[in-house]
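Visitor: Can you keep this structure in mind? I'll have questions shortly.
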Amino acid sequence: MSEEVGDDFDLVVIGSGPGGYVCAIRAAQLGLRVACVDKRGSHGGTCLNIGCIPSKALLHASEVFAEAAHAGDMGIQLGKPKLDLPAMMTYKENGITGNTQGIDFLFKKNKVEALHGSAMIVASGKIEVSLLAGGTRTLNTKNIVIATGSESTPLQGVEIDEKLVVTSTGALEFDAVPKHLLIVGAGIIGLELGSVWARLGAEVTVVEFLDRITPGVDEEVAKQFQRILQKQGFKFLLGKKVTEVKPLKASVKVTIEPAQSEGEAETLSVDKVLVSIGRRPYTEGLGLESVGVQLDVAGRIETNGFKTNVDGIYAIGDVISGPMLAHKAEDEGIAVAEMLAGKSGHVNYDVIPGVIYTAPEVAWVGLNEEELTQKGVDYRIGKFPFMANGRAKVNHTTDGFVKILADTKTDRILGVHIVGPEAGNMIAEAAVAMEFGGSAEDLARTCHAHPTLTEAVKEAALAVEDRAIHM
Ligand code: FAD
Ligand code: NAI
């Protein structure tokens, strides 16, 4: 049965992840008639259903579990904490539904018509939705925003069953703590989810193609981060590649070889394998070929100011170029909604913070030392260790440092890099300072409350001119 709705919508957004739902809400706020379609049974996309939110729920719960084991250090005698994994998974699920239901509420509040079904663009301005509940619905619209996100990049020759050999989705749902978890890829997913299972008792081995972890992160920060993770029990096999993954009855045999040169292969027998070697744009079933929307060599939708090559079709979020981050997708959603409502939408790609939510966290904004050197920019470094921060000392969270990179001539902040407690929250002040074109001196002269971890940011700013007080 097909139901055709008249020339009803100013905008139909395909995908209700952080890019899509935020775009739909902002456009509705600005008076556009909007529908948002997602093929999942719940809104919120990868982020709320199988990404940011469930991973942060497990990171939080597992961190509390790990900390509880050391509560005795603070005079709190709890005994040995006992894990109830099904209850922890229920806690995670409640976090997901709490958030996805929030989107339903926001859609209703803003009069966004929310649909569950697979959308296919049949012509510019015409979308056919195969409804999850059965039947199809045809939507006519002035504009389309594609926000269909991304999916896990497969590792050639390795079959994912989401039980023994998993992507992040399976690693958020293990029904028992693996004895030995092998992770392919020392990127953000591998290290966040590796932290979850390591804290709950798994032995974690990470195989990384490159000779370093977390490519893209400032090298000095990455080195320190690696040392900290090793202290937590992570084992890294750098400069190595996985050449075979053979699931057996209840274990997996993994063959590992040097990444570049010919060399001896080693085999490991592990309980689970997590493949986390990146994510790729998702455009399957959208009908892009038939309407002629162009993709780039990496399979991303090509855009210029969010416009595709087809009039009236726009794209945002993971499915276009740029970092695959929820807040980047959200800001693009707002920008394109404002453009469609006749305003001037804008995203500053130079100031998009990144955070790895491990313990300690890693956070950065702007350029790192390698990037500045490559660009031939003269910069000064101000660094301050958490070891010298009073609050970090009393909390026993002294691992890490803040590093500020400022232009030698103008003192303008070019990049801020933190490995340490609460780094993800602290990077916000650096982002604001950078948005205002601030200098290291601006940060240094801003009064920071005592005793807070943020004083380490102020001290690093002072250190740019070699005048840190507590070091
Ligand atoms: P998505 O959130 O991927 O949403 C796209 C939606 O489109 C999906 O729901 C999909 O069902 C729907 N869709 C696809 N095709 C169709 C179609 N034809 N019809 C209808 N609907 C369709 N980022 C962060 O910033 N912070 C984090 O802490 C973080 N943690 C993460 C943890 C994990 C484990 C993973 C996997 C990712 C994480 N990310 C994180 C990345 C973040 O999830 C993505 O950057 C973000 O979700 C991208 O948003 P999006 O709107 O572009 O797409
Ligand atoms: P990633 O790009 O962060 O890391 C992938 C790692 O795998 C890299 O170190 C890469 O060198 C390595 N690699 C690639 N091919 C390999 C191979 N064949 N063998 C061994 N190593 C290989 O990708 P990841 O961790 O899968 O995450 C995907 C994306 O999801 C992130 O880049 C990020 O955009 C997003 N994300 C963001 C989070 C956050 O903001 N906290 C959390 C989780 C995901």
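The values are calculated or read from the model by the stated rules, or taken from the named source; none is laboratory data. Because the structure is predicted, anything quoted here is derived from the model rather than measured. Neighbour counts are summed over all protein chains in view; Cβ atoms, including those assigned to glycine, are modelled from backbone coordinates with ideal geometry. Surface areas here come from the heavy atoms of the whole protein model, side chains and all, with no ligands, DNA or RNA. Shrake-Rupley method; radii C 1.70, N 1.55, O 1.52, S 1.80 Å.
Visitor: With +1 on each Lys and Arg Cβ and -1 on each Asp and Glu Cβ, and nothing else charged, work out how big the dipole of the chain is about its Cα centre, in Debye to the nearest 20.
Guide: Here the size comes out at about 800 debye.
Visitor: Restricting to DSSP H runs of at least four residues, report the calculated mean residue ellipticity at 222 nm for the chain, -39500 (n - 2.57) per run over all residues, nearest 500 deg cm²/dmol.
Guide: Helix-only estimate at 222 nm: -9500 deg cm²/dmol.
Visitor: With 5 Å bins from zero, work out the P(r) of segment 1-102 over every alpha carbon pair and list the percent per bin.
Guide: 2, 11, 15, 14, 13, 11, 9, 7, 6, 5, 3, 2, 1, 0
Visitor: Additional query: Considering just Cα atoms, how many Å³ per residue does the convex hull of segment 354-463 enclose?
Guide: Hull volume over Cα atoms, normalised by residue count, gives 86 Å³.
Visitor: Rounded to the nearest 5, what % of the DSSP beta bridges within the chain are antiparallel ones?
Guide: 60 percent
Visitor: Give me the lysines in straight-line cross-link reach of K163: C-alpha distance below 17 Å, same-chain residues under 8 apart excluded.
Guide: Hits, sequence-local ones excluded: K179, K246, K249, K253, K272.
Visitor: Keeping the other protein chains in place, figure out the carbon and sulfur percent of the accessible area of segment 174-247, with a 1.4 Å probe.
Guide: Accessible surface attributable to carbon and sulfur in segment 174-247 totals 51 percent.
Visitor: How large is the convex hull of the Cα atoms of segment 165-277 per residue, expressed in Å³ as a whole number?
Guide: 93 Å³
Visitor: Can you tell me the relative contact order of the chain? Whole percent, Cα pairs under 8 Å, sequence separation 6 or more.
Guide: For the chain, the relative contact order is 14 percent.
Visitor: Could you give the longest part of the chain that holds none of the GluC sites (Glu not before Pro) found in DSSP loops with at most 13 neighbouring Cβ atoms within 10 Å?
Guide: Here the longest run is 285-471.
Visitor: Something else about it: Could you work out what % of the accessible surface of segment 354-463 is carbon and sulfur, using a 1.4 angstrom probe and leaving DNA, RNA and ligands out of the count?
Guide: Answer for segment 354-463: carbon and sulfur cover 53 percent of the accessible area.
Visitor: Taking the Cα centre of each part, how many Å lie between segment 408-428 and segment 181-220?
Guide: 23 Å
Visitor: In segment 334-423, which chymotrypsin sites (Phe, Trp or Tyr not before Pro) fall in coil by DSSP and have 15 or fewer other Cβ atoms within 10 Å?
Guide: Y349
Visitor: So for each of 12-23, 250-261 I average, over its residues, the number of other beta carbons within 10 Å; can you give me the resulting order with the highest mean first?
Guide: So the order, starting with the most tightly packed, is 12-23, 250-261.
Visitor: Moving on. Nearest 0.05, what FRET efficiency do K109 and K56 give at R0 = 30 Å with Cβ-Cβ as r?
Guide: 0.75
Visitor: In what order, largest first, do T454, T373 sit by accessible area if the probe radius is 1.4 Å?
Guide: The residues order as T373, T454, largest area first.
Visitor: Here's something else I'd like to know. Given a Förster radius of 45 Å and the C-beta distance between N348 and A133 as r, what FRET efficiency does 1/(1 + (r/R0)^6) yield to the nearest 0.05?
Guide: The formula returns an efficiency of 0.65 here.
Visitor: Let me ask something else. Among the listed pairs K92/K458; K56/K223; K56/K383; K231/K383, give every one whose C-alpha distance is greater than 26 Å.
Guide: Among K92/K458; K56/K223; K56/K383; K231/K383, the Cα-Cα distance tops 26 Å for K92/K458; K56/K383.
Visitor: Further, regarding this structure: Treating the angle as unsigned and between 0 and 90°, give the value, to the nearest 10°, between the Cα long axis of helix 188-199 and the longest Cα principal axis of the chain.
Guide: The two axes meet at around 60 degrees.
Visitor: Taking the Cα atoms of the chain, what is the range of coordinates along each of the three principal axes, in descending order and whole Å?
Guide: So the extents along the principal axes, rounded to whole Å, are 68, 61, 51.
Visitor: Run through segment 3-65 and list the trypsin sites (Lys or Arg not before Pro) located in a DSSP loop whose Cβ has at most 16 other Cβ atoms within 10 Å.
Guide: Of the trypsin sites (Lys or Arg not before Pro), the ones in loops of segment 3-65 whose Cβ has at most 16 other Cβ atoms within 10 Å are R33.
Visitor: Please list, by residue number, everything in segment 359-379 whose backbone N is under 16 Å from a paramagnetic label point 7 Å out along Cα→Cβ of D211.
Guide: none
Visitor: List the aspartates and glutamates whose alpha-carbon lies under 16 Å from that of K240, not counting same-chain residues fewer than 8 positions away?
Guide: Within reach: E208, D211, E257, E262, E264, E266.
Visitor: Compute the long axis of helix 326-340 from its Cα atoms, compare it with the longest principal axis of the Cα atoms of the chain, and write down the angle in degrees, 0 to 90, nearest 10.
Guide: Tilt relative to the chain: about 40 degrees.
Visitor: Keeping all protein chains in place, calculate the accessible area per residue for the chain (probe 1.4 angstrom), answer in Å².
Guide: About 47 Å² of surface per residue is accessible.
Visitor: Keeping every protein chain in place, order F436, F107 by accessible area at 1.4 Å, biggest value first, i.e. largest first.
Guide: Largest to smallest exposure gives the sequence F436, F107.
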